[in-house]
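**Student:** Attaching a single structure in structure tokens format; questions to follow.
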Amino acid sequence: MKGFEGRIALVTGSGQGIGEAIAKRLALGGAFVVLNDVVPQRVEDAAAKIAPEGRADYFVSDIATKEGAEKLMGYAREKYGRVDILVNNAGIAKDRYLTKMSDEEWEEVIRVNLSSQFFTCRAAGRIMMEQKYGRIINIASRAWLGGPGQANYSASKGGVVSLTRTLALEMGKFQITSNVVAPGLIDTPLYRQLKPEVQERLAKTVPVGRVGTSEEVADSVAFFADDDAGYLNGQVLYVCGGRSVGSY
Ligand SMILES: NC(=O)c1ccc[n+]([C@@H]2O[C@H](COP(=O)([O-])OP(=O)(O)OC[C@H]3O[C@@H](n4cnc5c(N)ncnc54)[C@H](O)[C@@H]3O)[C@@H](O)[C@H]2O)c1
């Protein structure tokens with residue numbers, strides 16, 4: 001495949017974990033990457049780590065607000081003139097069984113995981129339609145299929161899949177592709193929030209017998225971000241060791 005040399009890429013929530021690995025993968029492949037996070041020190045450090053090997057800049061904003069999402073897009077457009085690749089990675093989890101889940105836990109997860117992607121896709125879509133080029137990769141989760149204690153998280157990720165499939169239909173004619181990467185259990189700070197015994201029990205449910213790495217997710221994002229990936233549109237790619245197939 002051709003790659004993405006010289007493309008301008010934005011990766012939300014890239015101060016750590018999967019987003020950081022995606023930013024690094026795209027930068028090492030020749031893209032100019034604007035990292036983003038709501039935690040300033042985190043994203044500053046992540047961009048500095050990439051900088052010796054690739055081209056990386058950063059912009060601090062809360063993309064779960066319309067203002068934060070539009071400021072990020074405005075920054076990239078003003079400074080670099082284009083937005084070629086948008087990776088919507090920022091996300092949170094607030095797990096609790098449905099009958100105990102608060103209104104706030106529901107609303108915050110929907111806002112950060114789903115509304116954020118509406119805000120960024122809308123703002124980036126306007127730029128990409130003018131350019132007649134774009135690669136949108138939205139990070140969902142295998143949990144969009146459903147997960148106990150995850151009514152808010154699963155619903156938000158199911159919304160990401162539906163949003164992305166709709167973008168694929170609306171924007172394909174502008175040579176903008178929209179796809180989903182749906183990770184399974186990936187070893188990141190988010191995953192390490194789980195109690196060790198829960199991590200161990202979950203790892204045993206993965207057909208390949210282990211949790212995945214952020215780099216493995218980043219490789220799938222790079223696949224969709226490629227200049228040559230113009231005929232891949234509206235797809236969901238699971239990176240979950242086979243866990244999406246069923247119980248094991
Ligand atoms: N780790 C897993 O097992 C796993 C599995 C499936 C899906 N995912 C998804 O992958 C994505 C990344 O997960 P991770 O495990 O790397 O998480 P993480 O918590 O380790 O990192 C997420 C980053 O996003 C940032 N962020 C959160 N809200 C933000 C906002 N409003 N604006 C800007 N930045 C924000 C955080 O500050 C953090 O640096 C998420 O969408 C998550 O749902 C993770």
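**Student:** Tell me, which strands (runs of 3 or more DSSP E) wholly within the range 9-114 include 1 or more residues that are over 17 Å from Gly125 (Cα atoms) and within 15 Å of the ligand (Cβ to nearest atom)?
**Tutor:** In the range 9-114, 32-37, 55-60 are the strands (runs of 3 or more DSSP E) which contain 1 or more residues that are over 17 Å from Gly125 (Cα atoms) and within 15 Å of the ligand (Cβ to nearest atom).
**Student:** When both residues are 6+ apart or on different chains and their Cβ atoms are under 8 Å apart, which pairs have a first residue that lies in the range 167-187 and is within 19 Å of Leu114 (Cβ to Cβ) and of a type in the set (S, T, N, Q), and a second that is part of a loop (DSSP other than H, G, I, E, B) and away from the ligand (no atom under 16 Å from the Cβ)?
**Tutor:** Matching pairs, first to second residue: Ser178/Asn233; Ser178/Gly234; Asn179/Leu232; Asn179/Asn233; Asn179/Gly234; Asn179/Gln235.
**Student:** Being touching a Phe, Trp or Tyr at 6+ places or on another chain (Cβ under 8 Å), under 14 Å from Ala93 (Cα atoms) and either within 11 Å of the ligand (Cβ to nearest atom) or at pLDDT 95 or above (or both): is that true of Ala182 here?
**Tutor:** Spelling it out, it is not the case that Ala182 is touching a Phe, Trp or Tyr at 6+ places or on another chain (Cβ under 8 Å), under 14 Å from Ala93 (Cα atoms) and either within 11 Å of the ligand (Cβ to nearest atom) or at pLDDT 95 or above (or both).
**Student:** Of the numbered conditions (1) under 15 Å from the mean Cα position of the chain (by Cα); (2) modelled with pLDDT under 95, Glu215 satisfies every one except a single condition; which is it?
**Tutor:** Glu215 satisfies every listed condition except (2).
**Student:** So, of the residues in the range 218-248 that are at pLDDT 95 or above, more than 14 Å from the ligand (Cβ to nearest atom) and aromatic (Phe, Trp, Tyr), which turns out to be surrounded by the fewest Cβ atoms within 10 Å (Cβ to Cβ)?
**Tutor:** The qualifying residue surrounded by the fewest Cβ atoms within 10 Å (Cβ to Cβ) is Tyr231.
**Student:** Another one. Within the bounds of the range 117-135, is there any residue that is surrounded by fewer than 23 Cβ atoms within 10 Å (Cβ to Cβ), hydroxyl-bearing (Ser, Thr, Tyr) and closer than 20 Å to Val161 by Cα?
**Tutor:** Checked against the condition, which is being surrounded by fewer than 23 Cβ atoms within 10 Å (Cβ to Cβ), hydroxyl-bearing (Ser, Thr, Tyr) and closer than 20 Å to Val161 by Cα, the range 117-135 yields no hits at all.
**Student:** Which one of Ala203, Ala168 is more than 25 Å from Gly30 (Cβ to Cβ) and in contact with a Ser or Thr (Cβ under 6 Å, 6 or more places away or on another chain)?
**Tutor:** Result: Ala168 is the single residue among Ala203, Ala168 that is more than 25 Å from Gly30 (Cβ to Cβ) and in contact with a Ser or Thr (Cβ under 6 Å, 6 or more places away or on another chain).
**Student:** So, one more: For the structure I just gave you, tell me whether Gly234 is farther than 20 Å from Tyr191 by Cβ, assigned to a loop (DSSP other than H, G, I, E, B) and in contact with a Leu (Cβ under 9 Å, 6 or more places away or on another chain).
**Tutor:** Answer is yes for this residue.
The values are calculated or read from the model by the stated rules, or taken from the named source; none is laboratory data. Here the structure is a predicted model, which means the values were calculated and not measured. Every residue, glycine as well, gets a Cβ built from its backbone with ideal geometry; the counts of neighbours run over all protein chains shown.
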